[in-house]
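Remarks on the structure that follows.
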Amino acid sequence: MTTATVDLINPATEELVGTVQLTSAEGTDAAVARAHAAFPSWRDVAPGDRARLLRRFADLVDRDIEPLAELEVRNSGHTVGNARWEAGNVRDVLEYYAAAPERLFGRQIPVPGGVNLTFKEPLGVVGVIAPWNFPMPIAGWGFAPALAAGNTVLLKPAELTPLTALRLGELAREAGIPEDVFQVLPGKGTVVGQRFVEHPLVRKVVFTGSTEVGRTVLAGCAAQVKPATLELGGKSANIVFADADLATAAATAPDGAFDNAGQDCCARSRILVQRTVFDRFLELLEPAVTGFRVQDPTLSSAQMGPLISAAHREKVASYLPEGAPVAFRGSTPEGAGWWFPPTVLLPSSPTDRAVVEEIFGPVLVVLPFEDEADAVRLANDSDYGLSGSIWTQNLGRALRVARAVQSGNLSVNSHSSVRYWTPFGGYKQSGLGRELGPDALDAFTEVKNVFIAH
Ligand code: NDP
């Protein structure tokens, strides 16, 4: 049931990593039918047993952190340090939601004339469409809570980065999760992903990727009134006030923008700096950027690896036309690999393309602001609203600005976005719904209300 194959290339060496068969539309439909048939028995697995299976799955991921990380380094060019964290995140998210089956509480609501109960019931088959930028964690944020809530899951990894997802599917089977309960279907978005959207037996779609494709997924789901969780693009602001610890703000700004080579929907790629400290901040930022270690990603010292593909490097480079306002840049290794140096731009206008659009590469812009109101106005001057940072030593200001910025995930004096204990998702065109945290189960269950007359 496969149509074609895809060659996977190591982004750091341009060497062939492997060849994977792509699932066809017919193959997808057959997988949906199997997942649908497996649903009643998975739903009826006793909560404690379902929890045990998920914990066993987490244990196997933990056992295989190193080989999973190595696979991701080869397939995606992630630094080995990041890849270890990503595999560990899958383990943590599985463990976190392994606690859910036994705690999927309903409510007893006081009503006249009887007893009223609510139940949280699984939806059926859930389709998870993952992107190439964080193949392991983003898949896990979908499949772990979905399985915990009693749904069967189909996971479509990005065509470019299917290897760790396929391995996670094998580990799930080794843990004892039935084959048809969790299936990994490598393939094209326009084929496999599209069938998730169109197929009436897929009752929920979880999509992470570009805002453009997210819009078509949402429109397709609307035709069947099918719920969708969307995690889309970002152009997040890192707001640095004059009273901040400037040295720390500047030293950590590259981590906030260039982690995963900037291929991160949470990248703080717009730095807004209060005008009175603008020059001083740039002086401090320059050594942090030029010293950012872009290296062979297998080295534990590497802070950044290559971009995912030649085509993506071309797209990122298009934001630096002749005469682009480059302030300073880092360096990259010579030779094979889709490298791109960390780059800082000083645009003359907040309407420049590099200021407005998600570049999804190691390019950040720095803009000045006058006062608190101006900072909030500039931060919110975007179609996106995924994350952001606020640097100040004034707690009142930190809270005021955090409440005023229209964004789903803000951090004060740090660049933290994704913590599996807390909800993650975007405002505006950055998405719809929330993943992770205690409420993620709500996205994978229907609430049923039952009234029993006295
Ligand atoms: P896409 O949005 O095209 O891909 C994301 C996922 O959706 C992939 O698994 C893809 O499959 C799948 N997909 C593609 N088309 C459809 C469709 N019609 N129906 C259902 N699923 C589909 O992102 P790209 O990889 O093309 O990246 C383009 C840009 O998107 C990036 O430069 C970046 O700006 C942004 N992006 C944002 C991400 C985020 O985390 N917010 C993640 C990835 C990208 P396949 O790859 O096999 O085609």
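Every read-out reported here was derived from the displayed coordinates using simple, explicitly stated rules and does not represent laboratory data. Since the model is a prediction, treat every value here as computed from it, not as a measurement. Using ideal geometry, Cβ is built from the backbone for each residue, glycine included, and neighbour counts are taken over all protein chains shown.
Counting DSSP beta bridges in the chain, what percent are antiparallel, to the nearest 5? In the chain, approximately 40 percent of DSSP beta bridges are antiparallel ones.
Just for the range 327-412, what percent of DSSP beta bridges are antiparallel, to the closest 5?
Rounded to the nearest five, the antiparallel share is 20 percent.
Of all lysines in the structure, those lying under 21 Å Cα to Cα from residue 315, and not within fewer than 8 positions of it along the same chain, are 188, 235. Summary of the geometry: the range 80-94 and the range 388-454, compared by the centres of their Cα atoms, lie 21 Å apart. As a size descriptor, the averaged projected area of the C-alpha convex hull of the range 182-239 was calculated at 5.1 nm². Cross-link partners for residue 448 among the lysines, with Cα-Cα distance under 24 Å and sequence neighbours closer than 8 places in the same chain left out: 120, 204, 226. With point charges of +1 on the Cβ of Lys and Arg and -1 on the Cβ of Asp and Glu, referenced to the Cα centre of the chain, which listed residue (330, 396, 239) lies farthest in the positive direction of the dipole? Going by the charge dipole, the pick is 396. The calculated 222 nm mean residue ellipticity attributable to helices in the chain amounts to -11500 deg cm²/dmol, summing -39500 (n - 2.57) over DSSP H runs of n ≥ 4 and dividing by all residues.
In whole Hz, what ³J(HN,Hα) sequence does the range 134-141 give by Karplus (6.51, -1.76, 1.60; θ = phi - 60°), x for Gly and Pro? In residue order, the calculated couplings are 9, x, 6, x, 5, 4, x, 5 Hz. Using the charge dipole of the chain (Lys, Arg: +1 at Cβ; Asp, Glu: -1 at Cβ; taken about the Cα centre), state which of 69, 424, 117 has its Cα farthest towards the positive end. The residue sitting most towards the positive pole is 117. Taking the Cα centre of the range 185-318 as reference, the dipole from Cβ charges on Lys and Arg (+1) and Asp and Glu (-1) amounts to some 740 debye.
Sparsely packed loop sites in the range 327-430 (the chymotrypsin sites (Phe, Trp or Tyr not before Pro) outside DSSP H, G, I, E and B with at most 11 other Cβ atoms within 10 Å) comprise 421.
Using Cβ point charges alone (K and R +1, D and E -1), the dipole size of the chain about the Cα centre works out to roughly 1240 debye.
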